[in-house]
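Nothing in this text is a laboratory measurement; each read-out follows from the coordinates by a stated rule. From a predicted model like this one, the values you see are computed outputs, not experimental measurements. Because the Cβ atoms are built from the backbone with ideal geometry, glycine has one as well, and the counts that use them run over all protein chains shown.
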Amino acid sequence: MSDTATPTVIRREDYAPPAFLIDTVDLEFDLVPERTVVKSTLRVRRNPDAKPAAHLELMGEQLEFIGAAIDGEPYATVRAHEHGLTVENVPDAFTLTLTGACDPAANTTLSGLYVSGGNFFTQCEAEGFRRITWFLDRPDVMATYTVTLRADKTAYPVLLSNGNLIAEGDLSDGRHYAKWEDPFRKPSYLFALVAGKLVALEEHITSGSGKEKLLQVWVEPHDLDKTRHAMDSLIHAIRWDEQRFGLELDLDRFMIVAVSDFNMGAMENKGLNIFNTKYVLANPETATDVDFANIEAVVGHEYFHNWTGNRVTCRDWFQLSLKEGLTVFRDQEFSAAMSGGDENEAARATRRIEDVRVLRQMQFAEDAGPMAHPVRPESYVEINNFYTMTVYEKGAEVVRMYQTLLGRDGFRKGMDLYFQRHDGHAVTCDDFRRAMADANGRDLAQFERWYSQAGTPRVAVTTSYDEGTRCYSVTLTQGYTNGSPAARETQKGPLHIPFAIGLIGPDGADLPLRLEGETAAQGTTRVLELTETQQTFTFADVLAKPLPSLLRNFSAPVVVDYDYGNDELAFLLAHDSDAFNRWEAGQRLATRELLALAGRAAASQPLEINDALVDAFRRVLTDELLSPSFRELALMLPSETYLAEQMAQSDPAAVHAARQFVRKQLAAALKAQWLAAYERNVTPGAYEPTPEAAGHRGLKNLALSYLSELDDSAEAVRLATAQYEAANNMTDRSAALSALLNAQTATGGALDDPARAALEDFYVRFEKEPLVIDKWFALQATQRGTAQRPTIETVRALMGHPAFNIRNPNRARSLIFSFCAANPAQFHAADGSGYTFWADQVIALDALNPQVAARLARNLELWRRFTPTLRDAMRAALERVAAEAKSRDVREIVEKALA
Ligand code: B3K
Ligand code: ZN
């Protein structure tokens, strides 16, 4: 499980094609929890395009070797070793049969074949297949698979694998078998099997070209009442991909299976997607609006991989963003279409805002730290550490920029050419870029730098208006801030940046835009193509000095530096036709104010709120022309994590004090308006997970959360208690509980108050719903805590709760990760207690599940940016983990952090 040897660095430049190819794979499993025997029969031949090699080197980990045969004859010159199997002096083409065994019951890593809740599951991406059998476990080796599963029929009535079921039947001794065949060539990371006591929700649909398809969502029997939304999401995703990209489901059967022990969200195995229960199971009582939306997005994401990832896959793991960036972009477009259709710009904008918030808070931070890497990394020690915000979210932004530069139709042409050229192959990010360029007759050579340069680019903007000539010039200058060394090393030259801009006249209306040299104005938003370090763009016929609306819809993943005045930001917030930039103006205003207050808090100076911010918030809150979901986003303050990252030295306590102060002031100054918004946005009747209803609930619950900050919280407690008791859905119930807990801490917190009662009720009510109990843990881990009872004490106590189980990643995340990553003020307590706890948990998880441990390990990577006392305590914690952790996964993270 662990690898204590000096970590080996894998480099992109060392890529070489495999010396052998495998055309067909036939697998036979005898499934027994403690010892599963796997017989693998491979058709192998030399790769004509590779350097010849005498021996066949197969990867394998944690396997027991039983035997080998070539062309049916036992083969003696086979050496099993720690990293795999060497088959010596092989012929040019042969059939290799390997028999081995693994121990799924003891597999706590949740990579390879493992047991969860008494059932068998697999997870092979990135390198888990080698934990099942010996193989050329790399994505450029594509083969067709047949799989036979044998198991006890009572314990494992359902036997599933990729593709189509071609035979099944009974065996002696109460066992049975099923044989599956996947007609599509695939890399080993897309292999999957599932066996156990499961039931399915089924639907039959007819694809766009008239073929009958069977869709199934498999779950444990007691979860069948929570599968409808996942099935609906799958059907919507299938329809959307047909319409938007002309891509159809290629198999006769498509299955989703839910498992509660899972390292990440879900996995796109061909025809047999395996999902964390969190992204499948939902009904109104157990899942929030956010859960419903996430399920739709993840079901879409995994389904879309069937073309972008599976039919066309990655040549090597450095190309991971080829499938992940593209598929995130596709799921974002799908979610946007589901929330308002392609036409409703305002509804689309709320999704865009949510995506950009994540990017800026998480990916920009990653780019400023020791794990900074380009969208296409140059090297890694453990590939599982590179399923990152950069590869996924920045990668999606890079794909979005093609669409911004080429237009929707041009982007579609590029996609069509990409599939025409590469269907059935393992390719690179360069192949994708070439398809986009060739399909549109464009030169996208410079665009390559988006794949090879780490770090967050900045674009500085200066403007000048000439009343005499009525010309307005915009000068854009691109560069990088001094980020991490990793980022600096890769910066080679200017990027090709699509910079969308609009100009707003004194009346608040968009101006028609004519660039100098053009004969007529074209539209009111223009995408300027910035390709040099500095460029000036001049607009003509500008009758009065305008206000620029910069980087509309966040057209590139950059930071814009422009010195807006507070009045200008308030004006943009009130008038910009670009909904994203309206939101952005409000955030800039709030961020500026909050950072100023955090500076004062750090210096122990008194705090006072700027009326401009209160006025701006009042206008948004009471503007009934704005959608509730937009208002909710605009009235949410930037997160403490984001704010701390903007400080010269991160000071979580000061940020917390400033943000809490502003929340309290906004609660008090706008109390009547919050109460009115609360009343106006109730959603009586049956629960519906529609974007409109979710928008109302979101704004109502935001109002409740502000009200819970008031010194006199009686009103909030009354509303929240009533809401808690009457709720017919989890969104309202959990928001009410959260408000009660908040009000309790806001007022100092007696233990016999309504918060305690609700917390107990919540547990009892949902004891049998693990995903809801995760929420119960997370709510407590993210509580503010008081001087008398800091949150760490609650967390330590909950670690001993009978329902806590560190081996279940969802549960570990709900308590440990929530505290360490989502409660910055408490986690970064001055006494360093949070860091001690963090180190203890990283070390404990490292021994069980290195992938999950490595995620938690990343939580301290920005340690150098904190105030000196915190910095020193963080370093000490990192050093302890570096001394004790064994896995390659965790070692890579902490060693990079300390380097
Ligand atoms: N491709 C998987 C992620 C696998 C992570 C391996 N450590 C899920 C997804 O992105 O769709
Ligand atoms: Zn993915």
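Observations on the model:
- Volume of the Cα convex hull of region 322-452, divided per residue and given in Å³: 117
- Label zone at residue 470, where the point sits 7 Å out along the Cα-to-Cβ direction: region 494-522 residues whose backbone N lies under 20 Å: 502-522
- Based on Cα atoms of region 10-304, Rg over Rh with Rh as the Kirkwood radius reads 0.99.
- Highest-first arrangement of 797-804, 196-203, where packing means the average Cβ count within 10 Å: 196-203, 797-804
- Nitroxide proxy distance, nm - points 7 Å out along Cα→Cβ at residue 62 and residue 76: 3.4
- Relative to the compact-globule estimate of 2.2 N^0.38 Å, the Cα radius of gyration of the chain comes out at 0.96.
- Rg(Cα) / (2.2 N^0.38 Å) computed for region 446-492, rounded to two decimals: 1.65
- Think of it as helices only: each DSSP H run of n ≥ 4 in the chain is worth -39500 (n - 2.57), and spread over all residues that comes to -12500 deg cm²/dmol at 222 nm.
- Derived scalar couplings between HN and Hα for region 551-558 equal 6, 3, 6, 6, 6, 8, x, 10 Hz in order, rounded to whole Hz, by the Karplus curve 6.51 cos²θ - 1.76 cosθ + 1.60 (θ = phi - 60°), x for Gly and Pro.
- Peptide packing: for 143-156, 39-52, the average count of neighbouring Cβ atoms within 10 Å per residue gives the ranking 143-156, 39-52, highest mean first.
- Here region 767-899 has an Rg and Dmax of 14.4, 46 Å, counting Cα atoms alone.
- Nearest 10 degrees, 0 to 90: helix 691-707 Cα axis against the chain principal axis: 60
- Measuring nothing but alpha carbons in region 585-705 and taking Rh as the Kirkwood radius, the Rg to Rh ratio lands at 1.02.
- Label zone at residue 540 (point 7 Å along Cα-to-Cβ), backbone N below 16 Å, region 468-490: 468-474
- Relative exposure of 86, 77, judged by other C-beta atoms within 10 Å (fewest first): 77, 86
- For region 457-562, convex hull of alpha carbons as volume per residue, Å³: 97
- Backbone amide hydrogens, once placed in the peptide plane, bring residue 480 within less than 5 Å of 458, excluding anything fewer than 5 places away on its chain.
- Under the simplified labelling scheme, the residue 607-residue 840 pair shows an inter-label distance of 3.0 nm, with each label point 7 Å from Cα along Cα→Cβ.
- Ordering of 124-135, 757-768, 844-855 by packing is 124-135, 844-855, 757-768, highest average first (other Cβ atoms within 10 Å, averaged per residue).
- The distance separating the Cα centre of region 544-559 from that of region 126-188 comes to 52 Å.
- Interchain or long-range residues, amide H under 5 Å from residue 269's placed H: 274
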